[in-house]
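The values are calculated or read from the model by the stated rules, or taken from the named source; none is laboratory data. Just so it is clear, the model here is predicted, and its values are computed rather than measured. Virtual Cβ from ideal backbone geometry, glycine too; neighbours counted across all protein chains shown. These area figures cover heavy atoms from the full protein model, side chains too; ligands, DNA and RNA do not enter into them. Shrake-Rupley method; radii C 1.70, N 1.55, O 1.52, S 1.80 Å.
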Amino acid sequence: MSSLQRTMLKGKLPPTIPGGRIGRADSFKKSRIRDYKPGMWNEFFAEKEDVTVDEHRTFRIYRTKQPEKPGPVLLLLHGGGYSALTWAHFCSEVTSMIHCQCLCIDMRGHGDSKVDDEDDLSADTLAKDIGDLILKLYPEEVPQLFVVGHSMGGAIAVHFAHMALVPNLIGITVIDVVEGTAMEALASMQSFLRSRPKYFQSIPNAIEWCIRSGQVRNVDSAKVSMPGQIINCTTNKLATNDLPLPDDVLEEAHHNSMFPNPFSISEDEESSPPGDDAADGSSESAAAGVDFKKPNTTKSTTEAAKNYTWRIDLSKSEKYWVGWFSGLSDKFLNLRLPKQLLLASIDGLDRTLTVGQMQGRFQMQVLARCGHAVHEDRPHEVAEVISGYLIRNRFAEAASEFRCHMPSC
C-alpha cells in the first residue's frame, strides 16, 4: 500500500479515544448514577392554598399564574394514590403553549387535603367534592372549565361532568382509563398493591423505587410527584412538608440505596431510547393493564428504617372500585361536550368506545413510549395534544409560536 493510500485511509478514520478512557468501570458507573433529589412545588406553580369548603372538608389546591390573555381554567384531577403534584410538569408545558390557568386539586384522602371521612371514596362523593370546591373558589361566576382526569381522576371527571354540578363546563379529556380494561384489571389490583414496599427509608429512596419499578418513565416527574404520595411516619404529614431536604440527608440517601446493586441496569433502561428516563408511578397502573417489574430488595434494607409510608391505603377503597369504572364508557359517550381520550396503547379501547370512536363521537390520541402515567411520562406531548384540541375548538389562544398539530393515532 502506497503512502498516499495510507494517508487517505487515515483521513477517513474517526479520531482515536485518549488512552485510559476505554472500558473504565468507574466512568460507566458514574454515567449510570441518577439524582433522586426531590423537586419543589413552587418550581411549577404560582400558589398553593388550603380551601375550606365547610367545617368537614378542606382541600389543598395548586394554581399556575393568571394567563396574559383570557383563557380557560384547566381543572386537573389526579389518579388514585397520586396527588395534585402529578400534574407539575404538564402545567409548565401547557401554560407555555396556550393562554390558560391550571387548577390542580388534592382529592379526598390524598395529598394535603383533610376531610372527616377520608375512607368515603365513592364516585358521587368525589365528584360532589370537586363541584363544591369550584363553587367555593368562584362564588360569583364560574369561568370556562375544561376538565382533565387521569385514571381514577378520569373516571371522576366523567361522573363530575355527567352530574352537571357546575356551569360553564366546556369540555373533557380522559387519560388512560377505559371501562373494559379497568374492570378486567381490578382482579389483580390487590396483588399489585401488596407487591409494593410498605415503607421507605427516605424521600429519595421512594423516588428511586418509583423509577426502578418502571411505573413511570420520567425521572423529573418522579422527583415532584412522589413526595406527594407518601407521609412521614413520625409527624404523619405529607412528605412535601419535609422539603427541601438537608444536604446530609441527600448524601445519606445517595449511599443507602434500597436496591442490592445500585448500578444494575433494568431491561427497560436498556431498551429505552437516549434521554428516555424511567420514573414515578401510582397504585392504579394495574387497572390500566400495565406490566410492572418488582424491584429486588433485601430484608435488611427494607426493614432498616421505616420513615415514610403511603399517604393512602388504596386496598381499603376496594368496595368503591367497581363504582368508579362501571358504566364509564356510556357516560363518556353521552356527554354533550367536546370529548378527548388519550391512551398509552391502542389495545386499551373496549367495544363500546371502539364503536364510538368509529362514529366520530370523540377524539382519540395514542401516545407511544409511555406507561400508565401518560402525563408524567410525556408531559410535553400530552400538553401539545390538549393545547391543540383547545385551539381547534376555539377554547384557547396559542401562546408564543406554538403550532397546532392534527390528531392522529
Look through the range 216-257, keep the residues that are touching a strand residue (DSSP E or B) at 6+ places or on another chain (Cβ under 8 Å) and farther than 20 Å from Trp41 by Cβ, and return whichever of them is least open to solvent (accessible area, probe 1.4 Å). Cys233
State which residue is farthest from Thr86 (Cα to Cα) when the search covers only the range 55-67 and only residues that are open to solvent by 40 Å² or more (accessible area, probe 1.4 Å) and free of Cβ contacts under 8 Å to residues at least 40 places away in the same chain. Glu55
Within the range 299-316, count every residue that is surrounded by fewer than 15 Cβ atoms within 10 Å (Cβ to Cβ), at pLDDT 85 or above and part of a helix (DSSP H, G or I). 2
In the range 173-221, which residue that is in a helix (DSSP H, G or I) and among the β-branched types (Val, Ile, Thr) is nearest to Ser329 (Cα to Cα)? Thr181
Give all pairs with beta carbons closer than 9 Å in which a residue from the range 329-342 that is in contact (Cβ under 8 Å) with a residue 12 or more places away in the chain and in a strand (DSSP E or B) meets a residue that is surrounded by fewer than 23 Cβ atoms within 10 Å (Cβ to Cβ) and charged (D, E, K, R); count only pairs at least 6 apart in sequence or on separate chains. Lys339/Arg361
For Arg311, indicate whether it is over 27 Å from Tyr82 (Cα atoms) and basic (Lys, Arg). no
Mind checking which residues of the range 97-127 are among the charged types (D, E, K, R) and buried (at least 17 other Cβ atoms within 10 Å of the Cβ)? Asp106, Arg108, Asp112
Every residue from the range 341-371 that is of a type outside the set (S, T, N, Q) and over 21 Å from Lys331 (Cβ atoms): Ala344, Ile346, Asp347, Val366, Leu367, Ala368, Arg369, Cys370, Gly371
Report every pair of residues separated by at least 6 positions or lying on different chains whose Cβ atoms are under 8 Å apart, first residue within the range 152-164 and closer than 20 Å to His110 by Cβ and in contact (Cβ under 8 Å) with a residue 40 or more places away in the chain, second charged (D, E, K, R) and open to solvent by 10 Å² or more (accessible area, probe 1.4 Å). Gly154/Asp176; Val158/Lys331; His159/Asp124; His159/Lys331
Kindly list, by first and then second residue, each pair from a residue in the range 68-95 that is modelled with pLDDT under 95 to a residue that is open to solvent by 10 Å² or more (accessible area, probe 1.4 Å) and of a type in the set (Asp, Glu), limited to pairs with Cβ atoms under 7 Å and residues at least 6 apart or on different chains. Lys69/Glu397
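Take the conditions within 23 Å of Arg60 (Cβ to Cβ) and either at pLDDT 95 or above or crowded, with 24+ Cβ neighbours inside 10 Å (or both) and apply them to Gly171. Does it pass?
Values: within 23 Å of Arg60 (Cβ to Cβ): no; either at pLDDT 95 or above or crowded, with 24+ Cβ neighbours inside 10 Å (or both): yes.
Criteria not met by Gly171.
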Show the residue pairs meeting these rules: Cβ distance below 8 Å; 6+ apart or different chains; first residue within the range 246-265 and β-branched (Val, Ile, Thr); second residue at pLDDT below 75. Ile265/Arg32
Output the number of residues of the range 383-401 satisfying the condition of being among the hydroxyl-bearing types (Ser, Thr, Tyr) and within 17 Å of Val147 (Cβ to Cβ). 2
Say whether the condition of being within 19 Å of Ile170 (Cβ to Cβ), of a type in the set (Phe, Trp, Tyr) and not in a loop (DSSP other than H, G, I, E, B) is met by at least one residue in the range 344-362. no
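In this structure, is Lys136 of a type in the set (Lys, Arg), farther than 18 Å from Gly348 by Cβ, in contact with a strand residue (DSSP E or B) (Cβ under 6 Å, 6 or more places away or on another chain) and surrounded by 15 or more Cβ atoms within 10 Å (Cβ to Cβ)?
So Lys136 does not fit the description; no.
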